[in-house]
Amino acid sequence: MKSGFVSIVGRPNVGKSTLMNAIIGAKIAIVTQKPQTTRTRIQGIYTCDQGQIIFVDTPGIHKPQHLLGEYMVKVSTRSLEEVDIIYYMTDVTRPFGGGEQFVINHLKDASVPVFLLVNKIDLVESDQVESFIESFTNQMKFAEIIALSARQGTNLPGLLETTFKALPEGPLYYPQDDLTDQPISFIAAELIREKALILTRDEIPHSLAVEVEEFKQQSAGKVYLRAVIYTERDSQKGIIIGKNGQMLKSIGEQSRHEIERLLDTQVYLDLWVKVKKNWRDNESNLNQLGFRL
């Protein structure tokens, strides 16, 4: 039996969450086209006959602009010290630059094997993949180099096989049926945030946070869930609510459907919008929302 922890790191929006969801076979981490969607450490648990891999999805490593950004980078860099393997995920459609060099500088002294994962190969020609890889191997030596498409599932079986070979023998850290270490309330809050980001498109930056205030079972197996969407400004609150409340209604409907699929039961979603001015730069607000520096 092989088991261990694998950290997935890289720049924002390279497909880290998409990869973990594809391997786990369930939506554990939310995915949008906006960078820095993942804000905290999320573990996805993959168990098969060979053993168990606990994947640690982390925020994209970037130059922080506020306290929340500092928290996100700290989460990512700390994950490099607590795992058996590091997946360094890159996007073949984006050329090597200062952002990648910043990540590599954090990886050069890693004490565990670093796999270079070249994602989105379905979008380019094969010769472009080869030249892209060379720009990375000129910077450091990798234990494995695997080109893949997380979205299409290309080369994921080979990635898992190679990973199991590199892991030590060990126990099952979690029960076989577990898919994540996160509580349902956390995943529900993330699904609401995902829908708000997608539906508001470019109108709302990453100044949204979602907190589940109440999550309880009702009669006949139904679930009551009260959640608050926080914004930093009154104008953003107006965008989230929308004309005659239509935007908030759409966010609620779409997120409720996903939460019901997750729980396999009916959900009554009571959704509110409130303003917490500059919450991303306020340590007490960050602590309340679960981002403990």
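The values are calculated or read from the model by the stated rules, or taken from the named source; none is laboratory data. Because the structure is a prediction, the values reported are computed rather than measured. Cβ coordinates were reconstructed from backbone atoms using ideal geometry, including for glycine residues, and neighbour counts include every protein chain displayed.
Anything in segment 142-161 that is part of a loop (DSSP other than H, G, I, E, B) and of a type in the set (A, V, I, L, M)? List them, or say none. Listed by number, the residues that qualify are 143, 148, 150. Look at residue 179 and say whether it is outside the structural domain of residue 88 (by TED's automatic domain parsing), closer than 30 Å to residue 51 by Cα and in contact with a helix residue (DSSP H, G or I) (Cβ under 7 Å, 6 or more places away or on another chain). Yes: the conditions hold for residue 179. With respect to being part of a helix (DSSP H, G or I), surrounded by 17 or more Cβ atoms within 10 Å (Cβ to Cβ) and modelled with pLDDT of 95 or more, residue 193 falls outside the description.
The residues on offer are 188, 166, and the sole one that is in contact (Cβ under 8 Å) with a residue 40 or more places away in the chain and within 24 Å of residue 258 (Cβ to Cβ) is 188.
If the condition is being crowded, with 17+ Cβ neighbours inside 10 Å and touching an Asp or Glu at 6+ places or on another chain (Cβ under 7 Å), then segment 259-274 contributes only 267.
Flag not set for residue 112, criterion: among the β-branched types (Val, Ile, Thr), in the same structural domain as residue 25 (by TED's automatic domain parsing) and not in a loop (DSSP other than H, G, I, E, B).
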